[in-house]
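Every number here is computed from the coordinates shown, using simple stated rules; none is lab data. What you see is a predicted model; the values in this text were computed from it and never measured. A quick note on method: Cβ atoms are made from the backbone with ideal geometry, for glycine too, and the neighbour counts reach across all protein chains shown.
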Amino acid sequence: MTRLLVVDDERDIRHLYAAELEDEGYEVETAGTGREAAEILERKDFDLIVLDIQMKGESGLQILQNIVRKKSDLPVILCTAFSCYKDDFSSWLADGYVVKSSDLSELKSEIRRVLAKQQP
Amino acid sequence: MEPGCCWHKDHITAADCEALRPGDEGLLFNRKQRFLQRCLECPRFLEDLQSQRGGDNDLSSLFPYAIEELLALRAQNRSLESQMVWRNREIKFLHEVSLVLQTSVDIDEVIAMALTAVTAGKGFGLNRAILLLVDKERQFLKGYFALGPRENADAGRIWKEIEEHDYTLREMAQLFFEHKMADEREKFRDLLEVLTTPLNRTDHLFVRTLNDQQSRHITDLFAEPGIDPAQLAALGVGEVILVPLVSKNRRIGLLLADNIINRSPITTEDLHSLETFVLPMSYAIERAFLYERLQEELTKLTGANRRLRQQQELILRMEKMALVGKITANIAHSIRNPLTIIGGFARTLIKSTPGDNPNRQYIESIVREARRLEEVLQEALNYSESLHPTLDSWDINQLIAGVYTGLREDLEAGGVQCQLLLDRQLPLVRIDYKKMTYCIRSIVINALEAMPRGGNLEVRTVPGEGELLIVISDTGSGMAPETIDAATTPFFSTKEQGSGLGLTLCARILEGHGARLEIDSARESGTTVTLHLPVPEATRPEPGEATTPQGDMP
């Protein structure tokens, strides 16, 4: 089963995403901070990460750099309330970029696109 | 014996004397003046004097000596008088020349005036004048300009023209400067090219004369060592004078003059006059050159100033826009998260709520209204983003010059010689200025770091087929093949410091521009990074249209 990790500091967003993505047939885990995400990544392999940028504490872009440094093959989709981060140098490292919306179909199709690209 | 002439009469009529000329009416009644002015030269008076000779105490036989002497003095007087007129004219001429030389700052006008003065009959009257100037940058004594007839027929025509019009020297120079300068330059092009001599040939007659700062009058150039056979043949003359042009010990050039057409010998006076003349000429040429340089610098500065002002205005505008964007984005964030949660859960609920459930329409309302709010939000965000588009048409040369200026001090400190070879006919490209600047800056910094003991960096821009190339070459330590492969992998770095984002990000940025990165490197012989930027059809320049008003970089 395809395993996704959702990193977002908003509890309700985590719940919403987990519920919707599990409905799509993915196995989903969530983390509220960068540290938590790192711990989960230590003990488990994932196929894709959905990452918020603007978070309390460690910023998503910092987490992104740490993830890519350790696991450069792991695809990351940035999911954020901002569209301005598209111009940030570090966000160019991500494989996808989705602006948050109550309609999750864009996020879902972006996940499918990135995963399909990963297939050899 | 009766005198045959009228010398003994106090008053005469015009018919009495054949020696009288028109205007001599006053002499008819003045015997003394008539005697002094006319009788002394009158053959009939001399005959009378002859016939008076004889006797022991013949006083009249001494008269012819006195007369002879008197006439000789008179002739000498006339010659001095005409010399004085000539000198007067010469002084007037020199004054005229020096006036133009002192007031003109146009190099060609100065040279036209100076060489006209050397060759004109009203000036020094030499047949031909050739000016060689020191080209410091290229280390040459360069054939710059020549003036004079090329052949006999040519000479006849020119001299006739001058005589017919009786131009003043100034008019002549002006006329020449305005109408004939270009023709004359073309006429002597081959000669000037042949005469051009490298300054390091210190044994060469020209360079030697310039270095000695000593004029030379050479009567047989063919016997002279230190001149090339081709130059001899091109000059085609044996007697020349060479006068060095020096201004405050700085070498300006060399004036060569000869009488190639009439072959009349050159006098020591000619040489001395020219020596005096070239002093103001040297100053004038140097001043004109300095003025020209000053003008160039001024134009560059004015341009730079204008660009700076434009940039400042742009920055100010962008800062304002950025502020608007920031405010909008902040609002967006604060609203978007709760909106996502509300709308998102409502959508989840809909899936598990059958159509006949009375709650269904309440949930649908929530979904609908959440979507509406999101649309409003997106509209505001789109607007704020449109205020500062990321992709725009830019001149890549300008961008490179900007990167160079930003890194100049680092390059100098690292002992790196930088050469920018920017093609001036480049089309504009659609790029994100900030990202592309980051990209080129990273590559240059990589190059700099690959040359810890200094070296050469070359940045070229080259127009290509449907694309343009930016080629950045260094003479640094180079990269191993595996390093090149890995260079575009995220966070790979052989450097101990830094995040190692450099080339990875560059590759990403270029990918976003539809461009690609090519690395060619060999261990210990340097690296060449080539960026291929696509050029949109519409922005390719029309033939002959320059898009880059870019000055030479130092």
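Using a Förster distance of 56 Å, how high is the FRET efficiency between residue B:320 and residue A:18, based on the Cβ-Cβ distance and rounded to 0.05? Spell out each step's value before the answer.
Values: r = 42 Å, r/R0 = 0.74.
Using R0 = 56 Å, I get an efficiency of 0.85.
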Using a basic spin-label model with each label point 7 Å from the Cα along Cα→Cβ, how many nm lie between residue B:224 and residue B:85?
3.7
Please list, short to long, the whole-number percent of alpha-carbon pairs of the protein assembly as shown in consecutive 10 angstrom bins beginning at zero.
2, 10, 13, 12, 12, 10, 8, 7, 6, 5, 4, 3, 2, 2, 1, 1, 0, 0
So the angle from the long Cα axis of helix B:63-103 to the longest Cα principal axis of chain B, reported in degrees to the nearest 10, equals 10
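Report the charge-dipole magnitude of the range A:3-118 in Debye, nearest 20, computed about the Cα centre from +1 at each Lys and Arg Cβ and -1 at each Asp and Glu Cβ. Spell out each step's value before the answer.
Values: 16 positive and 24 negative charges, 77 e Å.
With Lys and Arg at +1 and Asp and Glu at -1, about 360 debye.
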Mind pulling the angle between the C-alpha long axis of helix B:396-413 and the longest principal axis of chain B? Nearest 10 degrees, somewhere in 0 to 90.
80
Taking every residue of B:344-351, the Cβ atoms of other protein chains inside 10 Å of its Cβ average out to 4
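Enter the mean number of other protein chain beta carbons within 10 Å of the beta carbon of each residue in B:330-342, as an integer. Don't skip to the end; give the middle numbers.
Details: counts 3, 0, 6, 7, 1, 1, 7, 10, 4, 4, 13, 8, 3.
What the average comes to for B:330-342 is 5.
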To the nearest 10 degrees, the tilt of helix B:433-449 (Cα long axis) against the first principal axis of the alpha carbons of chain B is 80
Give me, ordered by chain and number, the residues 5 or more places off residue B:418 or on other chains with an amide H under 5 Å from its own placed amide H.
B:457
Long-range amide H partners of residue B:196, meaning residues 5 or more apart or on another chain whose placed amide H is closer than 5 Å, are B:143
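With 10 angstrom as the radius, rank B:438, B:291 by how many other C-beta atoms surround their C-beta, starting from the fewest.
Numbers: B:438 19, B:291 15.
By the 10 Å Cβ count, ascending, the order reads B:291, B:438.
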Set of aspartates and glutamates with alpha-carbon distance to residue A:44 below 13 Å, sequence-local pairs under 8 removed
A:27, A:29, A:36
Label model pair residue B:73, residue B:106: point-to-point distance (7 angstrom along the Cα→beta-carbon line) in nm is 5.5
Given just the C-alpha atoms of the range B:1-156, how large is their convex hull per residue in cubic angstrom?
229
Report the FRET efficiency, 1/(1 + (r/R0)^6), for residue B:33 and residue B:61, where r is their Cβ-Cβ distance and R0 is 22 Å, rounded to 0.05.
0.30
Taking the range B:385-458 and dividing mean pair separation by its residue count, relative contact order in percent (alpha carbons under 8 Å, at least six apart):
48
5 Å is the cut-off here: which amide hydrogens, built 1.01 Å from N in the peptide plane, fall below it relative to residue A:81, excluding neighbours closer than 5 in sequence?
A:53, A:54, A:100
Can you put B:20, B:426 in order of Cβ neighbours within 10 angstrom, beginning with the fewest?
B:20, B:426
Each residue of the range B:131-146 in turn: what ³J(HN,Hα) in whole Hz from Karplus with 6.51, -1.76, 1.60 and θ = phi - 60°, glycine and Pro shown as x?
10, 10, 10, 6, 9, 4, 4, 9, 6, 10, 9, 9, x, 9, 7, 9
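Grab the DSSP H runs of the protein assembly as shown that are 4 residues or longer, score each as -39,500 (n - 2.57), total them, divide by all residues and round the 222 nm result to the nearest 500 deg cm²/dmol. Display every interim value, and only then the final one.
Details: 20 runs with 332 residues, N = 674.
Computed mean residue ellipticity for the protein assembly as shown: -16500 deg cm²/dmol.
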Of B:32/B:92; B:300/B:435; A:70/A:117; A:117/B:435; B:320/B:435, which ones are farther than 32 Å apart at the Cα?
B:32/B:92
Centroid-to-centroid separation of the range B:29-94 and the range B:451-481 [C-alpha atoms, Å]:
91
Provide the per-residue ³J(HN,Hα) series for the range B:243-255, in order, calculated from phi with Karplus coefficients 6.51, -1.76, 1.60 and θ = phi - 60°, each as a whole number of Hz, with x at glycine and proline positions.
10, x, 9, 10, 10, 6, 6, 8, 7, 9, x, 9, 9
From phi via Karplus (6.51, -1.76, 1.60), per-residue ³J(HN,Hα) for the range A:13-26 in Hz, x at Gly/Pro
5, 4, 4, 4, 4, 4, 4, 5, 6, 5, 4, 6, x, 8
FRET efficiency for residue B:350 and residue A:27, using Cβ-Cβ distance with R0 set to 22 Å, rounded to 0.05
0.35
Within the range B:411-489, DSSP-loop trypsin sites (Lys or Arg not before Pro) with at most 16 other C-beta atoms within 10 Å are B:424, B:453
Any lysines whose Cα falls less than 19 Å from that of residue B:248, other than same-chain ones fewer than 8 residues away, would be B:136
How high is the relative contact order of chain B? Use alpha-carbon pairs under 8 Å, at least six apart in sequence, and give a whole percent.
8
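Averaging the inverse of every distinct alpha carbon separation and then flipping it gives the Kirkwood radius. What is it for the range B:55-140, in angstrom units? Don't skip to the end; give the middle numbers.
Working: mean 1/r = 0.0575 Å⁻¹.
It works out to 17.4 Å.
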Note on the range A:3-118: alpha-carbon gyration tensor, axes a ≥ b ≥ c; rule is a/c under 1.5 for rounded, else prolate if a/b larger than b/c, else oblate; result rounded
Given labels modelled 7 Å from the Cα in the Cβ direction, how far is it in nm from residue B:312 to residue B:408?
1.9
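Return the equivalent ellipsoid semi-axes of chain B as a descending list in whole Å, where each equals the square root of 5 times an eigenvalue of the C-alpha gyration tensor. Can you show the working numbers first?
Details: eigenvalues 1711, 182, 60 Å².
In descending order the semi-axes read 92, 30, 17 Å.
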At most 13 other Cβ atoms within 10 Å and a DSSP loop assignment: could you name the GluC sites (Glu not before Pro) in the range B:443-476 that fit?
B:465
For the range B:172-243 and the range B:247-294, what is the separation of their C-alpha centers, rounded to whole Å?
12
Could you give the length gained by full extension between residue B:233 and residue B:522, i.e. 0.36 nm per residue of separation minus their alpha carbon distance, to one decimal place?
98.9 nm
